[in-house]
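Asker: Quick one: structure below, then a few questions.
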Amino acid sequence: MMDRFFDCLNVYRKGQGIRSRKPELEVYRSVDDWRLKWLKEEFLGFLNKWERECLQTPNTTEVEKKKMCLSRETLEGYRITVNCFVDLVPVLLQLDGVDFLLSEKFCQDPIEEYFSKHRACVGGNDNPTVAEFANSALSLYVAGLAAVRASTRGNCTNTNQENCLHCTINHWIGADANH
């Protein structure tokens, strides 16, 4: 179940499903793609049933019940991710010029990596002040994102999308992307 879920959300190139013989890894081309229904009905149904069974297990304490299931925050994250993805794919596929979608492009790893670099600039502080964040943003801009390494202990895939993120940041602040 989890393998299929991760495959559905990690399609990163055309032909990937053919080479791996996993239909979950095919690009998204249709608003009626079977994976959208599977994610919404089967996967979310599985999570809901798992949570319900854990919470209704007799002769167990609340602490034990919580240990049998994913955390409330993780479950909510899965639900939000699936619902947003399933709702967004059909909208994007109906746009002119969009022939297919790669689900891996919805990944938030570049954003997590960017904020990991901010934490590195302020000594691993998870709660920087506005001034500290502004200073680290300026440091990252001046030094370049490639000059500061993100945490190697995180759960992010090395995306090598720093230039893309750098251009996005420059767009936000109105700077020249070729700087």
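Asker: Considering only residues that are over 13 Å from Tyr78 (Cβ atoms), touching a residue at least 12 places away in the same chain (Cβ under 8 Å) and surrounded by 14 or more Cβ atoms within 10 Å (Cβ to Cβ), which ones fall in the range 43-65?
Answerer: Cys54
Asker: Just to be sure before I move on: is Asp32 closer than 24 Å to Leu93 by Cα and either in contact with a Pro (Cβ under 8 Å, 6 or more places away or on another chain) or surrounded by 12 or more Cβ atoms within 10 Å (Cβ to Cβ) (or both) in the structure I sent?
Answerer: So Asp32 fails the test.
Asker: Report yes if Thr81 is farther than 23 Å from Leu101 by Cβ and of a type outside the set (Gly, Ala, Ser), otherwise no.
Answerer: no
Asker: Helices (runs of 4 or more DSSP H) wholly in the range 100-179 with at least 2 residues that are at pLDDT 70 or above and not assigned by TED's automatic domain parsing to the domain that holds Arg13 - which ones?
Answerer: The qualifying helices (runs of 4 or more DSSP H) are 109-121, 130-143.
Asker: Here's a follow-up. Every residue in the range 66-96 that is of a type in the set (Ser, Thr, Tyr) and surrounded by 12 or more Cβ atoms within 10 Å (Cβ to Cβ), please.
Answerer: Within the range 66-96, Tyr78, Thr81 meet the criteria.
Asker: Can you tell me how many residues in the range 1-39 are part of a loop (DSSP other than H, G, I, E, B) and without any contact (Cβ under 8 Å) to a residue 24 or more places away in the chain?
Answerer: Residues in the range 1-39 being part of a loop (DSSP other than H, G, I, E, B) and without any contact (Cβ under 8 Å) to a residue 24 or more places away in the chain: 5 in total.
Asker: With the requirement that a residue be over 20 Å from Tyr12 (Cβ atoms) and basic (Lys, Arg), what does the range 23-60 give you?
Answerer: Once the filter is applied, which keeps residues that are over 20 Å from Tyr12 (Cβ atoms) and basic (Lys, Arg), the range 23-60 yields Lys37, Lys40, Lys49, Arg52.
Asker: Okay, next question. Is it the case that Val27 is in contact with a strand residue (DSSP E or B) (Cβ under 7 Å, 6 or more places away or on another chain), assigned by TED's automatic domain parsing to the domain that holds Val82 and within 25 Å of Val91 (Cβ to Cβ)?
Answerer: It is true that Val27 is in contact with a strand residue (DSSP E or B) (Cβ under 7 Å, 6 or more places away or on another chain), assigned by TED's automatic domain parsing to the domain that holds Val82 and within 25 Å of Val91 (Cβ to Cβ).
Asker: So which residues in the range 12-34 are at pLDDT 90 or above and under 19 Å from the mean Cα position of the chain (by Cα)?
Answerer: Hits for the range 12-34 are Glu24, Leu25, Glu26, Val27, Tyr28.
Asker: Next question, about the same structure. If I go through the range 72-89 residue by residue, how many of them are closer than 14 Å to Glu41 by Cβ and of a type in the set (Val, Ile, Thr)?
Answerer: Total meeting the criteria: 2.
Asker: Pairs, please: C-beta under 6 Å, at least 6 apart or cross-chain, first residue within 14 Å of Ser30 (Cβ to Cβ) and in the range 84-97, second of a type outside the set (A, V, I, L, M, F, W, C) and surrounded by 11 or more Cβ atoms within 10 Å (Cβ to Cβ)?
Answerer: Val86/Lys40; Val89/Tyr28
Asker: Going through the range 54-89 one residue at a time, which ones are farther than 26 Å from Trp34 by Cβ, out of contact with any Cys (no Cβ under 7 Å at 6 or more places or on another chain) and not β-branched (Val, Ile, Thr)?
Answerer: Leu55, Gln56, Pro58, Asn59, Glu62, Glu64, Lys66, Lys67, Ser71, Arg72, Glu73
The values are calculated or read from the model by the stated rules, or taken from the named source; none is laboratory data. The model shown is predicted, which means the values in this text are computed figures rather than measured ones. Glycine also receives a Cβ, built like all others from the backbone with ideal geometry; neighbour counts cover every protein chain displayed.
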